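Colleague: Sharing a structure with you now.
The values are calculated or read from the model by the stated rules, or taken from the named source; none is laboratory data. These numbers were taken from a predicted model, which means no experiment stands behind them. Here the Cβ is made from the backbone with ideal geometry for all residues, glycine too, and neighbour counts use every protein chain on show.
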Amino acid sequence: MIVPFGHVLILAGAVFLIGAVCTMAHRNLIMILVGVEIMLNAAGLAFVAGSLHWWRLDGQAFVIFIMAAAASEVAVGLALFVYSERRTGSMDADDYDVLKG
Amino acid sequence: MSGFNPYSVIFYGLGLIVLASSLLAVTRRNPVHAVMYLIASFLGTAAIFYLLGAPLLAALEAILYAGAFMVLFLFIIMTVKPEAEGKRGRARARRWLLPAALAGVSLFLVLILVGADPGGRTLLPAAMAQPAAFGRVLFERYWFSIEVASFLLFVALVGALYLGRRMEDPTEPTVGGER
Amino acid sequence: MRATLILILLFPLAGAMINVLAGRYISRRLSATVACGAVLGALIMALFGAAAGTSHQPVDVYRWIAVGEFQASMSLLFDATAALMALVVTFVSFIIHVYSAAFMRDDEGYVRYFVYLNLFVFAMLVVALADNLVFVYLGWEGVGFCSYALIGFWYGDARNVSAGRKAFLLTRIGDVAFGVALALCFLWYQSFSISNITTHTQDLTIGMATLLGLLFLWAALGKSAQLPLSVWLPDAMAGPTPVSALIHAATMVAAGAYLLIRMFPVLSLSPAVLLAAAVIGAVTALYSALAALAQTDIKRILAYSTVSQVAYMFLAVGAGDIVGGMFLLISHAFFKALLFLAAGCVIQALADEHDIFRMGNLKKYLPGVYWLFLIGVLCLSAFPLIGGFFSKDRILLALFIHPEPIYKLLWLMGFIGALLTPLYAMRLFFIVFSDRPEGGRKSEVKPIPKLMVLVLWPLAVLALFDGLLNLPFGPGKRWLAHYMSSVPGAIVDLGASSAMSWALGLLDSILVLVVIAGSYFLFRTPQKTQRGSWVHRLLFSGFHLDRLYDRVLVVPYQAISKFLWVQVDAGGLDRGVEAGAGTIASFSVVLNLWNTGRLSTYLITFFLGFVALLYFLVLVWLGL
């Protein structure tokens, strides 16, 4: 017996919200991507807890896929970051406001 | 808090580490510092995975997240050298107000939700998923998703290669402009 | 018979349509020929119809409107009055059309003129012949419109346009009463047919008859330019002279009296209505005769004279003598048209001069016109034994022998008017034509087409001898009255003792001769009256009626209108709508602050949605 299921979920939720705040509040593009990573990780934690609670391995399998998605997202995201930094010289997300209407 | 057995102590300690390091990572101005704290957070999460009976995932978490992603982040940070968000610091606190408030409200709601569910009170059993069994489930039931995920990684590779190539005529950089 | 009647109406309408469609492409001569030919065709058809005999049965032409009980078919009633009216209208119109072909020869709007003129003849014939009151209303409005179009024919000058508008507005005020009368007829009779209504007057109560009569009287007042709606006719002289001759002398202004004559059985049920008609007639006759004495424009004198003569027709109706009214209508059509057309000759000869004090010495330069004008003026003055003498005599006799004592007063007013008439008429004649040193010189007199003078002679002959229509003695005694005897309400013999009628006739003749002789001496050497004297100003402006209306009606109306426009519409409504639009616009501006284009804003918005979802999830989960 470890902990009640709800506690793990609360932990996962809290970490997820921390990641959300990081994404929303930072202007630096790198920090936004960091926030996304935190959120993905928290989701994975919730899945593992669920897998243990319901005694099925499918939850853990899904974490594999989360990691795959996170990997591709980090790769492309950072490539985009490098590309746009080269094009515009700015790493401030607030400077990319061409869609302002 | 029912039961102060050793597993729960370990869990709460690790949870504290994860939370604290995540918070610290988020509040750093220097991205390198943030990435460091984040590595700690991921390692803590890996340990929690092991506690919750997913040894393979714990290993993967440590290898991939902490070992690959964060290293990649560091590479890019070192290459591009973003300036720390020191400028315009006075308005910095104001930017955090709304997201923090929203997050607080969400946390409160999540607490209500989790507290209201009777299923959340059952204790998680201590178990360990055998890697062989896990591998069988993965490749028997989700082989198609494995293929798709590998294709996804391939696409990401190609994309990253294309986006990262050197241009022949670098044009004058303009803020907010794009091609 | 039906075909003949339909053709009477169709000829002028077809003429108008041809000129509308093809007038631009055909020569002027052909246009005029089409127009004159159309009216000639109508005249011939009217002659055929009259020769074939009149009847009291309405002839259905076309099933126009039929909605449930509301039947307004285009039906015609060709009884004696209609036959007479049709003949007069078509004949005089024909003469005027031929005259116009020469008069308007230099005008740019030649074809447009003939279109309107033909259209007018069509509408007037509808009024003359129609049996169904709604059909009459169609013609009524039609003549009103054509009158408006023709008064303002030279629309380049804004004064002409406003004269036309004035005419239209004032007759419109009368037409409102016509519309109400139509509704009442339908309510009471479920039918609009004149023949039906006039033969079923026993179904009417006195109150209803009075109401209907007053409404028709008001409508007639507008069209015939009687008081209080008379102010448009003097200004209507802004139109071309043949138009004044046709519309404002011979036909349209007589339409009001004609309507009353047609609806006489209804009116005769109510002595109050008849008295009202007679009083209005008497007052208007005196008023306009006095006003005519002070005018200086040749056409305005004739206009006021028309008002006065039509007033006599109203007097006739008021006295109960529709034969006399019809008689005067016919005579008046002839001599007034003659006078107007002759005046048109003078005006054109003197290069558009209207002021009589700038004319003179015209006997030697325009001899034909001189004699024609003289004939017309003598007929107008009721010179004994010619022209209007017998008609006026009969009307005055009818007034005198009327049982009600008040009619004696009305007779007196009519009599005085009958003496003023030769006064202003001869004044006009002498001032225009007499020899005086400062009058016209040969160099100022332009030649006018012979046709214009020639075509007036038939009219002059008819004007001179139309007394023969209804002589009170002799072999053709009271021919007109007998002809009209089948019309409901017509009295053949007034029933006066022959002694009285001879006495009155003699009195009338003597006094008229005296006035004519007196005016010869008065006006042989004309001097313009001092402009300053208040009597002159009173008479010249038509008793300041225009100013009165302006002060009492027009100015307050314009003030209200301006208030409603500036305060209510522009201030209130427009500003309200703009304020509404403004609030939406500012709301939009506020909302646009959300649109920063920054990623963080949108992420926060996403998260906001997420929080909302969570919240609802909580609500659902907790069963709230």
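Colleague: Regarding residue C:47, is this residue outside the structural domain of residue C:350 (by TED's automatic domain parsing) and surrounded by 15 or more Cβ atoms within 10 Å (Cβ to Cβ)?
Modeller: yes
Colleague: While we're here: When the range A:16-30 is examined, which residues are found to be within 7 Å of another protein chain (Cβ to nearest Cβ) and not in a helix (DSSP H, G or I)?
Modeller: A:27, A:28
Colleague: Would you please name the residue that is nearest to residue A:32 (Cα to Cα), looking only at residues in the range C:601-617 that are touching a helix residue (DSSP H, G or I) at 6+ places or on another chain (Cβ under 6 Å) and at the interface with chain A (Cβ under 9 Å from one of its Cβ atoms)?
Modeller: C:603
Colleague: I'd like to know if the range C:203-211 contains one or more residues that are at pLDDT 85 or above and among the charged types (D, E, K, R).
Modeller: No, every residue in the range C:203-211 fails to be at pLDDT 85 or above and among the charged types (D, E, K, R).
Colleague: Still on this structure, I have one more. Considering every residue within the range C:95-102, establish whether at least one is assigned to a loop (DSSP other than H, G, I, E, B), over 15 Å from the mean Cα position of the chain (by Cα) and not small (Gly, Ala, Ser).
Modeller: no
Colleague: Still on this model: Somewhere in the range C:297-304, is a residue within 26 Å of residue C:87 (Cβ to Cβ) and in a helix (DSSP H, G or I)?
Modeller: Within the range C:297-304, one or more residues are within 26 Å of residue C:87 (Cβ to Cβ) and in a helix (DSSP H, G or I).
The rows are residues; the columns are (1) touching a strand residue (DSSP E or B) at 6+ places or on another chain (Cβ under 9 Å); (2) hydroxyl-bearing (Ser, Thr, Tyr).
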| site | (1), (2) |
| --- | --- |
| C:139 | yes, no |
| C:161 | no, no |
| C:172 | no, no |
| C:186 | yes, no |
| C:201 | no, yes |
| C:219 | no, no |
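Colleague: Scan the range C:350-367 residue by residue and report those that are surrounded by fewer than 22 Cβ atoms within 10 Å (Cβ to Cβ) and outside any loop (DSSP other than H, G, I, E, B).
Modeller: C:355, C:357, C:358, C:363, C:364, C:365, C:367
Colleague: On to the next question. Kindly provide the set of residues from the range C:257-290 that are surrounded by fewer than 24 Cβ atoms within 10 Å (Cβ to Cβ) and of a type in the set (Gly, Ala, Ser), ordered by number.
Modeller: Answer for the range C:257-290, where residues must be surrounded by fewer than 24 Cβ atoms within 10 Å (Cβ to Cβ) and of a type in the set (Gly, Ala, Ser): C:268, C:270, C:272, C:276.
Colleague: Do we find a residue being touching a helix residue (DSSP H, G or I) at 6+ places or on another chain (Cβ under 6 Å), under 30 Å from residue A:13 (Cβ atoms) and either modelled with pLDDT of 85 or more or among the acidic types (Asp, Glu) (or both) anywhere in the range C:584-597?
Modeller: no
Colleague: Here's another thing I want to ask about it. Is it fair to say residue A:66 is surrounded by fewer than 23 Cβ atoms within 10 Å (Cβ to Cβ), modelled with pLDDT of 95 or more and closer than 18 Å to residue B:61 by Cβ?
Modeller: yes
Colleague: List every residue pair whose Cβ atoms lie under 6 Å apart, where the two residues are 6 or more positions apart in sequence or sit on different chains, the first residue falls within the range B:115-130 and is more than 7 Å from chain A (Cβ to nearest Cβ), and the second residue, located anywhere, is surrounded by 12 or more Cβ atoms within 10 Å (Cβ to Cβ) and in a loop (DSSP other than H, G, I, E, B).
Modeller: Going by the 6 Å Cβ cut-off, the qualifying pairs are B:128/B:53.
Colleague: I would also like to ask the following. Can you tell me which condition residue C:40 does not meet? The list is (1) closer than 28 Å to residue C:340 by Cβ; (2) of a type in the set (A, V, I, L, M); (3) surrounded by 23 or more Cβ atoms within 10 Å (Cβ to Cβ), and all the others hold.
Modeller: So residue C:40 meets the others, but not (3).
Colleague: If you check residue B:60 against the conditions, is it touching a Ser or Thr at 6+ places or on another chain (Cβ under 9 Å) and either modelled with pLDDT of 95 or more or within 8 Å of chain A (Cβ to nearest Cβ) (or both)?
Modeller: When the stated conditions are applied, residue B:60 does not pass them.
For (1) within 14 Å of chain C (Cβ to nearest Cβ); (2) touching a Pro at 6+ places or on another chain (Cβ under 9 Å), each residue gets a yes or a no:
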position: A:32; (1), (2): yes, no
position: A:45; (1), (2): no, no
position: A:48; (1), (2): no, no
position: A:51; (1), (2): no, no
position: A:54; (1), (2): no, no
position: A:58; (1), (2): no, no
position: A:87; (1), (2): no, yes
position: A:93; (1), (2): yes, no
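Colleague: Could you check, for the range C:480-487, whether at least one of its residues is among the hydrophobic types (A, V, I, L, M, F, W, C), modelled with pLDDT of 75 or more and either assigned to a loop (DSSP other than H, G, I, E, B) or under 16 Å from residue C:370 (Cβ atoms) (or both)?
Modeller: yes
Colleague: Look through C:360, C:376 and report the one residue that is in the same structural domain as residue C:297 (by TED's automatic domain parsing) and modelled with pLDDT under 85.
Modeller: C:360
Colleague: Of the conditions (1) buried (at least 24 other Cβ atoms within 10 Å of the Cβ); (2) not in a helix (DSSP H, G or I), residue C:327 clears all except one; give me its number.
Modeller: (2)
Colleague: Please return the ranges of helices (runs of 4 or more DSSP H) entirely within the range C:138-236 where 1 or more residues are small (Gly, Ala, Ser).
Modeller: Result: C:158-189, C:194-199, C:206-224.
Colleague: So how many residues does the range C:23-61 have that are part of a loop (DSSP other than H, G, I, E, B) and of a type in the set (A, V, I, L, M, F, W, C)?
Modeller: 1
Colleague: Any chance you could count how many residues in the range C:369-388 are surrounded by fewer than 22 Cβ atoms within 10 Å (Cβ to Cβ) and farther than 16 Å from residue C:435 by Cα?
Modeller: 4
Colleague: Then there is this: Can you tell me which residue within the range B:131-152, out of those that are exposed (fewer than 15 other Cβ atoms within 10 Å of the Cβ) and among the hydrophobic types (A, V, I, L, M, F, W, C), is nearest to the other protein chains (Cβ to nearest Cβ)?
Modeller: Once the filter is applied, the top-ranked residue is B:133.
Colleague: With the structure loaded, tell me whether residue C:273 is part of a helix (DSSP H, G or I), modelled with pLDDT of 90 or more and over 19 Å from the mean Cα position of the chain (by Cα) or whether it fails that test.
Modeller: Yes.
Colleague: I've got another one for you. Would you be able to tell me the number of residues in the range C:88-113 that are surrounded by fewer than 21 Cβ atoms within 10 Å (Cβ to Cβ), in contact with a helix residue (DSSP H, G or I) (Cβ under 6 Å, 6 or more places away or on another chain) and not hydrophobic (A, V, I, L, M, F, W, C)?
Modeller: 1
Colleague: Follow-up. Quickly run through the range C:398-435 and pick out the residues that are crowded, with 23+ Cβ neighbours inside 10 Å and closer than 12 Å to residue C:504 by Cα.
Modeller: C:398, C:399, C:411
Yes or no, residue by residue, for (1) in a helix (DSSP H, G or I); (2) at pLDDT 90 or above; (3) not assigned by TED's automatic domain parsing to the domain that holds residue B:19:
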| site | (1), (2), (3) |
| --- | --- |
| B:94 | yes, no, yes |
| B:106 | yes, yes, no |
| B:113 | yes, yes, no |
| B:140 | yes, yes, yes |
